[in-house]
Amino acid sequence: MREFYAFLIQFRVDEGNILLQCSRLFLQFIIDCYATIEAWRLLYIKKHQSTLHAKLYNGLQDAITVGENDAHAVGTRLVLPALFTGGPRYMRQHLLDTMAICNQMGYPDFFVRFTSNPN
């Protein structure tokens with residue numbers, strides 16, 4: 001799906017670029033594409049919990065460990081893998097990577113920001 005939307009928004013010399021010329025509608029189209037792709041990614045993660053080894057995070061066992069006595073409060077847990085951008089495991093993994101780099105190489109001295117102008 002992502003490749004299809006990327007194909008749609010490419011600039012082509014020989015074709016009419018009606019999609020690229022609709023300024024605000026084009027931005028809304030891009031937002032809708034992003035939301036659709038993220039929804040499909042989350043649906044895939046939800047449907048393939050067994051292949052993502054979510055059984056390691058058994059909700060009932062965790063609830064017993066915490067001391068939960070009410071069985072109605074225990075549900076199935078949806079585990080987001082560390083590859084899902086924006087998830088807590090993703091953020092924690094990058095934080096730990098950053099801290100390891102700072103520990104090994106030292107803290108950064110400069111913050112460099114690049115801006116490019118295609119025109």
Task: The listed residue being modelled with pLDDT of 85 or more and surrounded by fewer than 10 Cβ atoms within 10 Å (Cβ to Cβ), out of Glu15, Glu38, Glu3 - done: Glu3
- [ ] For the range 1-48, please list each of the helices (runs of 4 or more DSSP H) lying entirely inside it that holds at least 3 residues being of a type in the set (D, E, K, R) and either in contact with a Phe, Trp or Tyr (Cβ under 6 Å, 6 or more places away or on another chain) or within 21 Å of Gly87 (Cα to Cα) (or both).
- [x] 23-47
Open item on the list: Against the conditions (1) exposed (fewer than 10 other Cβ atoms within 10 Å of the Cβ); (2) modelled with pLDDT of 80 or more; (3) closer than 30 Å to Ala35 by Cα, where does Ser50 fall short? Just the number, please.
Closed with: (2)
- [ ] Kindly provide the set of residues from the range 89-116 that are assigned to a helix (DSSP H, G or I) and either closer than 19 Å to His48 by Cβ or β-branched (Val, Ile, Thr) (or both), ordered by number.
- [x] Arg89, Tyr90, Thr98, Ile101
Task: Hey, Thr85 among the polar types (S, T, N, Q) and modelled with pLDDT of 80 or more or not - done: yes
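The values are calculated or read from the model by the stated rules, or taken from the named source; none is laboratory data. Note that this is a predicted model, so its numbers are computed, not measured. Neighbour counts are summed over all protein chains in view; Cβ atoms, including those assigned to glycine, are modelled from backbone coordinates with ideal geometry.
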